[in-house]
Amino acid sequence: MARSALILAFLLAGCCPRQEITRPVIIEKDRIVVELVRDELLQEQEVVSGPLAQCPAVAAARKAALETCNGQLRAIKEGRRK
């Protein structure tokens, strides 16, 4: 009885696949991170308009609004890098 069990064990051992030892591999995975943006950086800028006679003043006001908007975008971008 012990002899047949030993033979059966040897036969079954030949059926097992050989395990190969491999080296560890670094896997890089993208990660999505959602960050809140401060409310003061999301304030809309007024679009100034006016008659042709006030063109220089309107242009200056629009430039100031655009610079404010660009400053907000830079602040948002800098907050993301931290």
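Taken together, the values in this text are just the output of simple stated rules run on the coordinates, not laboratory data. Bear in mind the structure is a predicted one, so any value in this text is a computation, not a measurement. Counting neighbours? That spans all protein chains shown, and the Cβs are built from the backbone with ideal geometry, glycine included.
Values for this structure:
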| quantity | calculated |
| --- | --- |
| Close pairs (9 angstrom Cβ cut-off, 6 or more residues apart or separate chains): without any contact (Cβ under 8 Å) to a residue 60 or more places away in the chain and of a type outside the set (Val, Ile, Thr) in segment 40-61, in a loop (DSSP other than H, G, I, E, B) and surrounded by 13 or more Cβ atoms within 10 Å (Cβ to Cβ) anywhere | Ala57/Val48; Ala59/Val48; Ala60/Val48; Ala61/Val48 |
| Unmet criterion (only one of (1) surrounded by 10 or more Cβ atoms within 10 Å (Cβ to Cβ); (2) more than 20 Å from the chain's Cα centre (by Cα)) for Ala2 | (1) |
| Residue match in segment 17-37 (condition: out of contact with any strand residue (DSSP E or B) (no Cβ under 9 Å at 6 or more places or on another chain), surrounded by 10 or more Cβ atoms within 10 Å (Cβ to Cβ), outside any helix (DSSP H, G or I) and charged (D, E, K, R)) | no |
| Qualifying residue in segment 51-74 (condition: part of a loop (DSSP other than H, G, I, E, B) and loosely packed, with under 10 Cβ neighbours inside 10 Å) | yes |
